[in-house]
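See below for the structure under consideration.
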Amino acid sequence: MDTFLLYSGLALVLIMILSMYRGIVGPTVLDRIISVNAVGSKTVVLLIIIGFLYGRVDMFVDIALAYAMLNFVAVLAAAKYFYKRRGLHEEPGQGARLTDLPEREEENA
């Protein structure tokens, strides 16, 4: 069983390396955000596998849950930041210009 978990963990690490490559080379910001989320999700599974290998699943499940929540919040924050910046679907180097932003209406109270 340990051999199966070890090879599963190694396969997961190889898949994570491919996801990291997409995050570094990805043509758009959206590709990079999805890549970071995928690496975070695979890290949670890898932590559970490590917990089984060490025989301390209870401890590693707590660490994995904390990491999953941190990953979720970080990806949401990054997506919201780039959505407000209007650069989520644009190519790198073509950020939103100040003239492209809608004008705010002033409240007259």
For this session: With just the Cα atoms of segment 1-86, tell me how far they stretch along each of the three principal axes, in Å, largest first.
Result: 48, 24, 11
For this session: Taking the Cα centre of segment 1-86 as origin, sum charge times position over the Cβ atoms of Lys and Arg (+1) and Asp and Glu (-1), and report the length of that vector in debye to the nearest 20.
Result: 620 debye
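No value in this document is a laboratory result; all are computed from the given coordinates. Not measured: the values here are computed from a predicted model. Ideal geometry is used to build each Cβ from the backbone, glycine not excepted, and the neighbour counts take in all protein chains shown.
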